[in-house]
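The values are calculated or read from the model by the stated rules, or taken from the named source; none is laboratory data. Fair warning: this is a prediction, and the values are worked out from it, not measured in the lab. So basically every Cβ, Gly included, is an ideal-geometry build from the backbone, and we count neighbours across all protein chains shown. Surface areas here come from the heavy atoms of the whole protein model, side chains and all, with no ligands, DNA or RNA. Shrake-Rupley method; radii C 1.70, N 1.55, O 1.52, S 1.80 Å.
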Amino acid sequence: MQNRLRCNQLKGKVMSADEAAQLFEDGMIVGTSGFTPAGYPKAVPLALSRRKDKGDKIGLTIITGASVGDELDGELSRKGIMKRRYPYQTNKDSRNKINSGDVQYADMHLSNVPQWIKYGYFGNIDIALVEAVSITEDGNIIPSTSIGNANVFVETADKVIVEINTSQPLDLEGVHDIYSTKNPPNREAIPIVEATDRIGTPYIPCKPDKIAGIVFTDIKDKTREVTPIDEVSKKMAENLITFLNDEVDKGRLPKNLLPLQSGVGSVANAVLGGLCDSKFEDLVVYSEVLQDSVLDLIDNNKVKFASATSLTVSPKRLDDFYKKFSNYKEKVILRPQEISNSPEVARRLGVIAINTAIEVDIYGNVNSTNIMGSRMMNGIGGSGDFARNAYLTIFTTESIAKKGDISSIVPMVSHCDHTEHDVMVIVTEQGVADLRGLSPVERARRIIDNCAHPDYKDMLNDYLEKALNGKYKHTPHVISEALSWHDRFLKNGSMKI
């Protein structure tokens, strides 16, 4: 406790998780730390679940940075405690409750959330529940493996509850860079011109009298497994690397590229990990999440510095990562998500944004959230923050899903998260479609020729030719058939005729 809780004024605030759970009241709005899923509170949510088991009536609005672990999203969803959720999630039970309508969910660009909190669009934040590795002599909070919106919640909430997690290494102290923007009209430029720039404090500022409770726990992050790199992912990575090499040869990128941003999940991890076998060196990462592939790139002397808001390491590598953290500490920085996902900074640094699509239509519109248009998968996350503002915007997807019963290249996306105006390059295992400067019909032909699976190319070409027979030639569609592929899958279990 002496190393973890260094503020004498706060030592009388230490309590059990069950005692802390009594501070929550029905109808409260709660902001928590946590981002994909790392650095989220665990003991107190489990205590809230036990409280519900005893018959207490309690329903909460939960706002996080991004996805969190099962102890939070899973438990509160299963017990009916979570009534409303923002802004991104990946938990199965949370997803099911959202899709059944039991949990009200609004999908948001992650960079917008901090401003909405500060302006009170969500309502008053009653409690900030954040995970930390320690509390300083002055009561300031040292976050753990993520920041997300934790600093904004601490700033705006009526009360703060801190979970000090002793499973998180004290070596994390010093890796954070906390900087909070002001609201317009008082907002100033974020003074980051290099990914390595430090502009804030290594702790979340907090007055001791605002902290209502401190809970000690040793529950580890329940991060997600990453799928090993398979032949499809390897081929996508090879196609991406070939494209990036060509951009360097044409003088459109420097030899060490520009700062890289990569989305979350196994596909993104595998595609980024493919850079380990490339000729690129001295790479810089400016992203929202650092996954296993970034650690591999650092280990292989490919990445010299990485900035994000979360360290999300797969379970099998977590203990080893903690042991070797001193090897990474000087090459990693964690920032609040209003900085890591800032459109301003992404545009200034000239980020290369690499994100994952669920489906892409022939004109380059991307669906990254809703299966068959209606079933929420996870959320848009930070992909829009980067896609709209990157120097180069790339979306990757396998050309088929469900063992070939679904084509990831379709006539019209069933839900649109990123319009064709923001999508520059599509990469599948089949090839690369560089869409820059092309008219809609030219884009369609290139996507079909280069990215579609052979099983669906003829069908896509047939659709396009049929559409071109209509009156309007700029972005031709057969409206009555544009979503027929999705309708066919829902009825027959396959998009194939």
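For K279, a cut-off of 18 angstrom between C-alpha atoms picks up these lysines, skipping any fewer than 8 places away in its own chain: K234, K235, K250, K255, K302, K304.
The distance between label points at Q2 and N99 comes to 5.3 nm (points 7 Å beyond Cα on the Cα→Cβ vector). Distance from the C-alpha centroid of region 34-50 to that of region 339-418: 29 Å, rounded to the whole angstrom.
Element breakdown for the chain at a 1.4 angstrom probe: carbon and sulfur atoms account for 47% of the accessible area.
To the nearest 20 debye, what charge dipole does region 378-476 have about its Cα centre, counting +1 at the Cβ of each Lys and Arg and -1 at the Cβ of each Asp and Glu?
Details: 11 positive and 14 negative charges, 58 e Å.
With Lys and Arg at +1 and Asp and Glu at -1, about 280 debye.
Quote the convex hull volume per residue of region 12-135, based on C-alpha atoms, as a whole number of Å³.
Working: hull volume 13.4 nm³, N = 124.
Measuring per residue, one finds 108 Å³ for the Cα hull of region 12-135.
For the pair R347 and K466, a Förster radius of 25 Å applied to the C-beta separation gives a FRET efficiency near 0.05, rounded to the nearest 0.05.
When averaged across all projection directions, what area in nm² does the alpha-carbon convex hull of region 120-254 cover?
Working: hull surface 51.4 nm².
Over all viewing directions, region 120-254 projects a mean Cα-hull area of 12.8 nm².
Rolling a 1.4 Å probe over the protein heavy atoms gives the chain an accessible area of 39 Å² per residue. Length gained on full extension, T242 to K159, computed as 0.36 nm times the residue gap minus the Cα-Cα distance: 24.7 nm.
Exceedance of the 24 Å cut-off in Cα-Cα distance is limited, within the set K159/K323; K42/K83; K92/K159; K466/K496; K92/K316, to K159/K323; K92/K159.
Select from region 42-139 those chymotrypsin sites (Phe, Trp or Tyr not before Pro) which occupy a DSSP coil region and have at most 16 other Cβ atoms within 10 Å, ordered by residue number. Could you put the intermediate results ahead of the total?
Details: sites: Y88, Y105, W116, Y119, Y121, F122; in loops: Y88, Y121, F122.
Those that pass, being in a loop and sparsely packed, are Y121.
Along the charge dipole of the chain, Cβ charges K/R +1 and D/E -1, which of L5, Y105, S180 sits furthest on the positive end? Among L5, Y105, S180, the one farthest towards the positive end of the dipole of the chain is Y105.
Which trypsin sites (Lys or Arg not before Pro) from region 372-450 combine a DSSP loop assignment with at most 13 other Cβ atoms within 10 Å?
Numbers: sites: R375, R388, K402, K403, R436, R443, R445, R446; in loops: R388, R436.
Loop-located and lightly packed - R436.
If you work out Rg and Dmax of the Cα atoms in Å from the coordinates, which of [x] 23.1, 78; [y] 25.7, 89; [z] 26.8, 79 do you get? The listed entry that was calculated here is [x]. Each Lys and Arg contributes +1 and each Asp and Glu -1, all at the Cβ; summed about the Cα centre of region 15-73, the dipole is approximately 40 debye. Note on L170/D405: beta-carbon distance plugged into 1/(1 + (r/R0)^6) with R0 of 56 Å gives a FRET efficiency of 0.65. Applying the criteria of a DSSP loop state and at most 12 other Cβ atoms within 10 Å to the chymotrypsin sites (Phe, Trp or Tyr not before Pro) of region 446-497 yields Y472.
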